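S.K.: Dropping a structure here in structure tokens format, bear with me for questions.
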Amino acid sequence: MSKEVEDCGHHDDEKKRRRRMFIGILALIITILVVIFLVWIILQPHKPRFILQDTTIYGLNLSDPNFLSSNMQVTISTKNPNDKIGIYYEKLDIYASYHNQQITLATELPTAYQGHSDISVWSPFLYGDAVPVSPYLAASISQDVNAGAVLFNIKINGKLKWKVGSWLSGSYRIFANCPAYITLGSRSNGINVGTAIKYQIVQHCHVDV
């Protein structure tokens, strides 16, 4: 009888020890999460700033029936405005669009880490060969070209992570939209670079994170 009581008491002690261990681990996890949350709130991370520096047009051609071919190079700079938070760009795709239709293939930008207040610069080429567009868009871009001004949008879509000390956050979506106002013909304010025309734009981009 005493043996059974002893075994039962030992079993109860084991359950209490496991319960205390579980509560301790749970409390530690909650404490770590609270500390991370407080640090996050105190530091108040700001989204990166993107600027479209220039656009070089190598080719822009509209052919029948409603195919658009374009070849351009853009220079994009981005700054990390945070003093105590780093930004890791794990994936960024950039492409050109016209009236919300993508007109070039997406070009993948190299992954990069930005330390506090660092600036990164990319100069990717964007290509679109015989991209089918709607009759409405074909008529619209033809009218814009004849009028001597075309508004493209250079868009960046991808993922980033925030870095505080050795801690790295989960992935966050980032989207940047950079208007590129291109003048043509007699209205052109571009600089001839061989057979291409380079436009100094310096346009701030709208960024969502």
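S.K.: Compute the accessible area per residue over the range 63-184, keeping the other protein chains in place, probe 1.4 Å, unit Å².
M.R.: Accessible surface, normalised per residue, equals 46 Å².
S.K.: Pick out which of VAL193, VAL74, VAL150 has the largest mean-square fluctuation in a Gaussian network model of the chain, springs linking Cα atoms closer than 10 Å.
M.R.: It is VAL193.
S.K.: Which distance in nm do the two modelled labels at THR107 and ASP93 give, with both placed 7 Å along the Cα-to-Cβ direction?
M.R.: 1.6
S.K.: Also, quick follow-up: Could you work out how much longer the chain between VAL34 and GLN143 gets when fully extended? Use 0.36 nm per residue separation minus the Cα distance between them, nm to one decimal.
M.R.: Taking 0.36 nm per residue and subtracting the Cα distance, the gain is 33.5 nm.
S.K.: Leaving ligands and nucleic acids out of the surface, order LYS16, LYS161 by accessible area at 1.4 Å, largest first.
M.R.: Highest to lowest solvent-accessible surface, that is LYS16, LYS161.
S.K.: How large, in percent, is the carbon and sulfur part of the accessible surface of the chain at a probe radius of 1.4 Å?
M.R.: 57
S.K.: Solvent-accessible area of PHE67, probe 1.4 Å, all protein chains present, reported in Å² to the nearest ten, please.
M.R.: Surface open to solvent at PHE67 totals about 70 Å².
S.K.: Also, I was wondering about something else. Okay, which of the range 62-102 sit inside 18 Å, backbone N to the point 7 Å along the Cα-Cβ direction of VAL193?
M.R.: Residues passing the 18 Å test: 70-78, 95-96.
S.K.: Name the residue, out of ASP64, ASP129, ASP144, whose mean-square fluctuation peaks in a Gaussian network model built on the chain with Cα pairs under 10 Å.
M.R.: ASP64
S.K.: Among all lysine pairs in the chain that are eight or more places apart or on different chains, how many have alpha carbons less than 25 angstrom apart?
M.R.: 24
S.K.: Here is a further query. At 1.4 Å probe size, what's the solvent-accessible area of ILE76? Round to the nearest 10 Å².
M.R.: Approximately 0 Å² for this residue.
S.K.: Please check: in the Gaussian network model of the chain (C-alpha springs, under 10 Å), which one of GLU90, GLU108, GLU14 has the largest mean-square fluctuation.
M.R.: Of GLU90, GLU108, GLU14, the Gaussian network model singles out GLU14 as fluctuating most.
S.K.: Modelled label-to-label distance, SER134 and LYS159, 7 Å Cα→beta-carbon offset: nm?
M.R.: Once both label points are built, they end up 3.2 nm from each other.
S.K.: Tabulate in residue order the Karplus-calculated ³J(HN,Hα) for the range 192-203, using 6.51 cos²θ - 1.76 cosθ + 1.60 with θ = phi - 60°, rounded to whole Hz; enter x for Gly and Pro.
M.R.: 5, 10, x, 8, 9, 10, 9, 10, 7, 10, 6, 10
S.K.: Return one number: the angle in degrees, 0 to 90 and rounded to the nearest 10, between the long axis of the Cα atoms of helix 135-147 and the longest principal axis of the Cα atoms of the chain.
M.R.: The angle comes out near 60 degrees.
S.K.: Please list ILE57, ILE94 in order of solvent-accessible area, largest first, computed with a 1.4 Å probe with all protein chains present.
M.R.: Largest to smallest exposure gives the sequence ILE57, ILE94.
S.K.: Give the long-range amide H neighbours of ILE103: residues separated by 5 or more places, or on another chain, with amide H under 5 Å away, using H modelled in the peptide plane at 1.01 Å from N.
M.R.: Those lying under 5 Å, H to H, from ILE103 are ALA96, SER97, TYR98.
The values are calculated or read from the model by the stated rules, or taken from the named source; none is laboratory data. Keep in mind the model is a prediction, meaning the values are calculated, not measured. Here the Cβ is made from the backbone with ideal geometry for all residues, glycine too, and neighbour counts use every protein chain on show. Areas reflect the complete protein model, heavy atoms only, side chains present, ligands, DNA and RNA absent. Shrake-Rupley method; radii C 1.70, N 1.55, O 1.52, S 1.80 Å.
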